[in-house]
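The values are calculated or read from the model by the stated rules, or taken from the named source; none is laboratory data. Computed from a prediction, not measured in an experiment: that's the story for all the values here. Neighbour counts run over all protein chains shown; Cβ positions are idealised from the backbone, glycine included. Side chains are part of the model used for accessible areas, which takes the heavy atoms of the whole protein and leaves out ligands, DNA and RNA. Shrake-Rupley method; radii C 1.70, N 1.55, O 1.52, S 1.80 Å.
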Amino acid sequence: MTISARDEVLARIRSAIVTAVSPDVPRDYRAGAAADVELLVDRLVDYRAIVHRCAPAGIAGAIIEAADAAGIDRLFAPPGLDPAWQPSDRHVSIDDGTLTATDLDGNDVGVITTCSVAICETGTIVLDGGPGQGRRLLTLVPDHHICIVLPEQVVGAVPDAFRRLDPRRPLTWISGPSATSDIELKRVEGVHGPRHLVVIIVEHVPGSNSAP
Amino acid sequence: MSDRTNLPVYAPLGVGRLQGDRTFPAAAKIALADGQLRSNLRSATATIRAKRANVVGEVADWEELRRAGEAIKASTMASLDTLLIELERNVVANGGAVHWARDAAEANRIVTGLVQATGAKQVVKVKSMVTQEIGLNEALAAAGIEAFETDLAELIIQLGHDEPSHILVPAIHRNRAQIREIFLQEMPGVDRSISDEPAVLAGEARRYLRKKFLETKVAISGANFAVADTGTLTVVESEGNGRMCLTLPDTLITVMGIEKLVPTWTDLEVFFQLLPRSSTGERMNPYTSTWTGVTPGDGPQSFHLVLLDNGRTATLADEVGRQALHCIRCSACLNVCPVYERTGGHAYGSTYPGPIGAILSPQLTGLTGDGVNDSLPYASTLCGACFDVCPVRIDIPSILVDLRARHVEAAKAASRIPSGERLAMAGVGWAMAGEKRWQLAQRGAGVLRHSTRRTTIRRLPWPLSRWTASRDLAKPPVQTFRQWWATEHEDPS
Ligand code: SF4
């Protein structure tokens, strides 16, 4: 009888680790940090993302401003994106699950989403495919990504994000636009992902019920 | 089951890329003659070193994170069998399939078969060291399947019929003019009017590859991490080619060394802080993707994970050397290594260059006493800079010393060296065993060169020949690497 690769590799491992000891893992690194929106803005700008800050009522206006500045003609959004955020005088196509990469390909295409978590210390936005975030395809193929960050989505540090995220969902961690430094270490924005990242940071309005 | 099948096995040579065709000193000699390479390397490593120091300096708990990373990896190795079974169970429970491969040839057979089953004749690939290690592209080509590298640097390497020279920036040995030439000669449908501006070249790669992404049905990736308790896989990248490969095709095949595992999801919070800052010197890399099995309606609907041994269990069996399996491939140790900075990656002959390559490649293939990879543990000055920057605190210098001793043992056992040399090697082993002694021996090397007959010097193995071969010494060195390093590279912190 021939032994399977699985059983053989596992047997090799067992004989290899007889002398291995498992140390206790010291967890005295920082478990988190306070959210600091100014820091988030600083990090995003450092990655050369375009940052807008506005009150909830200003989201639609900020989207129009961003779309016009970037020459975006076709706007897409995932299901579940708050209709109140969508500019009333622009057509926004909602993904019904049948859009293909070819439909979304083009330098004049932009997608509007929100996120699951935004991490201040690293300037990272995490999407988990939930309502208002959509399929991964949607935030990958268009040349422009406009992401709306709500106050309750902002966390301080990387460990804070891990406490909130569900690993069973497909997660995309985005820190600035796509970039490469492969040629003479010169940073070039935009290789395959969206070349332009616009982040609309929604300010907490005292007394509003969207506050954390 | 016989006892023999329980024993860890080295990676078989002859398939893949774990060993070059010449020893390190011989290959280094060629590299050192290449002025372009040396100046590219010097400026690249200096730039990344400075960026890294800057972003590491702003993390108050960096040492705590390093110690946590080290311990997580050590505990992973101690339970690797049960953790892999847990990973397998969770991947399968989420709609993926898991395959096991004893070695490179078996992994190549599995992947080729999976691609053939889809009927695809082309695949897109995300930069992955492990598929280079096993020579997957060649195996696919032999089966009539064309593999397209999609990372910009890997594309440059592939189009230029070249080999990577750095873990993070594999085409660091090419400048913009050379890259433009490669594009003009090798890229189908290239715009012949392109300049050599990096942005223009990157734009041309985007145009060329986008078509491939939109039409290719099968993608092959590596993995930076796998999480046992959730079955989650991770790819860390910059350009978005990884996201393309992980999102657009119908079928995704991920090839992963068995060591790339962490026990729990929250363990990743440590590595997501350590890796980007150590690697590109960024607070976070532009894109990280994590996925667990298959997500209905989103991304590839068929997912295969191939778990590869290929000498890793042999490395795992060594009490000192098993730390090499903790490596998260950040490349920080390359950028601080005075030897790497001069020779570049090609001299190491393997997919894994620099200090990590010097300890990993010979352990994967085994030390035979006279093998090409036996020269790698000597490709170091033991200055310790690699340990200081390693985000998971791999004690590379100690492993190098240990491997040198193992090389001498292997050579003795093989009785392939004359007794006079064996004596000299024993001396070398003694010198290596103590840091202070080694420093003294380095300083004394020039003296020895003059006090011993020339023929004897020629026959001495690497540590001493390295000084004459790679530094072109007519006279004893005024400075050793260590002394040079201390004066040239003030610790930025
Ligand atoms: S050995 Fe350490 S420093 Fe070198 S690549 Fe691996 S993790 Fe990075």
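Quickly run through segment B:107-116 and pick out the residues that are among the small types (Gly, Ala, Ser) and surrounded by 17 or more Cβ atoms within 10 Å (Cβ to Cβ).
Once the filter is applied, which keeps residues that are among the small types (Gly, Ala, Ser) and surrounded by 17 or more Cβ atoms within 10 Å (Cβ to Cβ), segment B:107-116 yields only B:ALA107.
Yes or no: B:SER361 in the same structural domain as B:LEU32 (by TED's automatic domain parsing), modelled with pLDDT of 95 or more and more than 9 Å from the ligand (Cβ to nearest atom)?
yes
Report yes if B:SER278 is in contact with a Cys (Cβ under 6 Å, 6 or more places away or on another chain) and either farther than 21 Å from B:VAL98 by Cα or within 9 Å of another protein chain (Cβ to nearest Cβ) (or both), otherwise no.
It is true that B:SER278 is in contact with a Cys (Cβ under 6 Å, 6 or more places away or on another chain) and either farther than 21 Å from B:VAL98 by Cα or within 9 Å of another protein chain (Cβ to nearest Cβ) (or both).
Which of the residues that make up segment A:4-46 are within 19 Å of B:PRO263 (Cβ to Cβ), open to solvent by 20 Å² or more (accessible area, probe 1.4 Å) and either touching a strand residue (DSSP E or B) at 6+ places or on another chain (Cβ under 7 Å) or hydroxyl-bearing (Ser, Thr, Tyr) (or both)?
Selection gives A:SER22 alone.
Yes/no per residue for (1) in contact with a Pro (Cβ under 7 Å, 6 or more places away or on another chain); (2) closer than 22 Å to B:MET284 by Cα:
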| site | (1), (2) |
| --- | --- |
| B:GLU154 | yes, yes |
| B:GLN158 | no, no |
| B:ASP196 | no, no |
| B:PHE213 | no, no |
| B:GLY222 | no, yes |
| B:ALA226 | no, yes |
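If we scan segment B:172-190, do we find a residue that is touching a strand residue (DSSP E or B) at 6+ places or on another chain (Cβ under 7 Å) and closer than 29 Å to B:GLY357 by Cα? First the steps, then the outcome.
We begin by selecting, within segment B:172-190, every residue touching a strand residue (DSSP E or B) at 6+ places or on another chain (Cβ under 7 Å); these are none.
Looking through segment B:172-190, none of the residues is touching a strand residue (DSSP E or B) at 6+ places or on another chain (Cβ under 7 Å) and closer than 29 Å to B:GLY357 by Cα.
Just checking, how many residues over segment B:189-224 are more than 12 Å from chain A (Cβ to nearest Cβ), among the β-branched types (Val, Ile, Thr) and free of Cβ contacts under 8 Å to residues at least 40 places away in the same chain?
Matching residues across segment B:189-224 total 2.
Report, ordered by the first and then the second residue, all pairs with beta carbons closer than 6 Å, sequence separation of six or more or different chains, a first member in segment A:1-25 that is under 13 Å from B:GLU88 (Cβ atoms) and at the interface with chain B (Cβ under 7 Å from one of its Cβ atoms), and a second member that is in a loop (DSSP other than H, G, I, E, B) and open to solvent by 20 Å² or more (accessible area, probe 1.4 Å).
Note: pairs meeting the criteria are A:ALA5/B:ARG102.
Kindly establish whether A:ILE183 is outside any helix (DSSP H, G or I), open to solvent by less than 10 Å² (accessible area, probe 1.4 Å) and within 8 Å of chain B (Cβ to nearest Cβ).
yes
Of the residues that sit in segment B:319-333 and are open to solvent by 20 Å² or more (accessible area, probe 1.4 Å) and over 11 Å from B:PRO276 (Cα atoms), which one is nearest to the ligand (Cβ to nearest atom)?
Top of the filtered list is B:GLN323.
Taking the conditions exactly as written (closer than 25 Å to B:THR313 by Cα, in contact (Cβ under 8 Å) with a residue 40 or more places away in the chain and not aliphatic (A, V, I, L, M)), does B:ARG109 satisfy them or not?
no
Can you pull out every residue in segment B:287-302 that is farther than 25 Å from B:LYS73 by Cβ and surrounded by 21 or more Cβ atoms within 10 Å (Cβ to Cβ)?
B:GLY299, B:PRO300
Taking the criterion of being under 29 Å from B:CYS386 (Cβ atoms), more than 8 Å from chain A (Cβ to nearest Cβ) and within 16 Å of the ligand (Cβ to nearest atom), would at least one residue in segment B:297-309 satisfy it?
Looking through segment B:297-309, none of the residues is under 29 Å from B:CYS386 (Cβ atoms), more than 8 Å from chain A (Cβ to nearest Cβ) and within 16 Å of the ligand (Cβ to nearest atom).
Might you check whether a residue that is without any contact (Cβ under 8 Å) to a residue 40 or more places away in the chain and out of contact with any Lys or Arg (no Cβ under 9 Å at 6 or more places or on another chain) occurs anywhere in segment A:139-149?
no
Scan (1) part of a loop (DSSP other than H, G, I, E, B); (2) more than 8 Å from chain B (Cβ to nearest Cβ) for the single condition A:GLY129 breaks and write down its number.
In the conditions (1) part of a loop (DSSP other than H, G, I, E, B); (2) more than 8 Å from chain B (Cβ to nearest Cβ), A:GLY129 misses (2) alone.
What number of residues in segment B:251-275 are without any contact (Cβ under 8 Å) to a residue 60 or more places away in the chain and within 8 Å of chain A (Cβ to nearest Cβ)?
The number of residues fulfilling the criteria is 5.
Can you name every one of the strands (runs of 3 or more DSSP E) wholly within segment B:117-223 that holds 3 or more residues which are more than 20 Å from the chain's Cα centre (by Cα) and surrounded by fewer than 24 Cβ atoms within 10 Å (Cβ to Cβ)?
Per the criteria, B:146-149.
Select from segment B:377-396 the residues that are within 9 Å of the ligand (Cβ to nearest atom) and not in a loop (DSSP other than H, G, I, E, B) and write down the one among them that is most open to solvent (accessible area, probe 1.4 Å).
Taking the candidates together, the pick is B:PHE387.
When you scan segment B:12-41, how many residues do you find that are β-branched (Val, Ile, Thr) and open to solvent by 50 Å² or more (accessible area, probe 1.4 Å)? Give the derivation first.
Here is the first cut: in segment B:12-41, the ones β-branched (Val, Ile, Thr) are B:15, B:23, B:30.
Then drop every residue that is not open to solvent by 50 Å² or more (accessible area, probe 1.4 Å), which leaves B:30.
Residues flagged as β-branched (Val, Ile, Thr) and open to solvent by 50 Å² or more (accessible area, probe 1.4 Å) within segment B:12-41 amount to 1.
Would you be able to tell me the number of residues in segment B:345-358 that are within 15 Å of the ligand (Cβ to nearest atom), within 18 Å of B:VAL169 (Cα to Cα) and either of a type outside the set (Phe, Trp, Tyr) or not in a helix (DSSP H, G or I) (or both)? Before you say what the answer is, go through the steps one by one.
Our first condition is that a residue be within 15 Å of the ligand (Cβ to nearest atom); within segment B:345-358, this holds for B:345, B:348, B:350-358.
After this cut, where a residue has to be within 18 Å of B:VAL169 (Cα to Cα) as well, the list is B:345, B:348, B:350-357.
Checking which are either of a type outside the set (Phe, Trp, Tyr) or not in a helix (DSSP H, G or I) (or both) leaves us with B:345, B:350-357.
Result for segment B:345-358: 9.
Would it be correct to say that B:VAL227 is open to solvent by less than 10 Å² (accessible area, probe 1.4 Å) and either farther than 30 Å from B:VAL98 by Cα or more than 11 Å from every other protein chain (Cβ to nearest Cβ) (or both)? Don't jump to the end; show me each part of the working.
Working: open to solvent by less than 10 Å² (accessible area, probe 1.4 Å): yes; either farther than 30 Å from B:VAL98 by Cα or more than 11 Å from every other protein chain (Cβ to nearest Cβ) (or both): no.
Spelling it out, it is not the case that B:VAL227 is open to solvent by less than 10 Å² (accessible area, probe 1.4 Å) and either farther than 30 Å from B:VAL98 by Cα or more than 11 Å from every other protein chain (Cβ to nearest Cβ) (or both).
Quick check, is B:ALA324 under 21 Å from B:LEU403 (Cβ atoms) and within 10 Å of chain A (Cβ to nearest Cβ)?
Numbers: under 21 Å from B:LEU403 (Cβ atoms): yes; within 10 Å of chain A (Cβ to nearest Cβ): no.
No, not satisfied.
Test each condition in (1) at the interface with chain A (Cβ under 8 Å from one of its Cβ atoms); (2) open to solvent by 10 Å² or more (accessible area, probe 1.4 Å); (3) part of a helix (DSSP H, G or I) for B:ALA44 and report the one that comes out false.
Only one criterion in (1) at the interface with chain A (Cβ under 8 Å from one of its Cβ atoms); (2) open to solvent by 10 Å² or more (accessible area, probe 1.4 Å); (3) part of a helix (DSSP H, G or I) is unmet by B:ALA44, namely (2).
Count, please, the residues in segment B:334-344 that happen to be within 12 Å of the ligand (Cβ to nearest atom) and open to solvent by less than 10 Å² (accessible area, probe 1.4 Å).
3
Just checking, does segment B:69-78 include any residue being out of contact with any Phe, Trp or Tyr (no Cβ under 9 Å at 6 or more places or on another chain), open to solvent by 40 Å² or more (accessible area, probe 1.4 Å) and over 19 Å from B:VAL306 (Cα atoms)?
Within segment B:69-78, one or more residues are out of contact with any Phe, Trp or Tyr (no Cβ under 9 Å at 6 or more places or on another chain), open to solvent by 40 Å² or more (accessible area, probe 1.4 Å) and over 19 Å from B:VAL306 (Cα atoms).
Which one of A:LEU81, A:LEU137, A:LEU75 is at the interface with another protein chain (Cβ under 10 Å from one of its Cβ atoms) and either open to solvent by less than 30 Å² (accessible area, probe 1.4 Å) or small (Gly, Ala, Ser) (or both)?
Details: A:LEU81 fails: at the interface with another protein chain (Cβ under 10 Å from one of its Cβ atoms); A:LEU75 fails: at the interface with another protein chain (Cβ under 10 Å from one of its Cβ atoms).
After ruling out the rest, the residue left standing is A:LEU137.
Looking at B:ARG52, is it at negative phi and more than 8 Å from every other protein chain (Cβ to nearest Cβ)? Before you say what the answer is, go through the steps one by one.
On the way: at negative phi: yes; more than 8 Å from every other protein chain (Cβ to nearest Cβ): yes.
Considered against the rule, which asks whether it is at negative phi and more than 8 Å from every other protein chain (Cβ to nearest Cβ), B:ARG52 comes out as yes.
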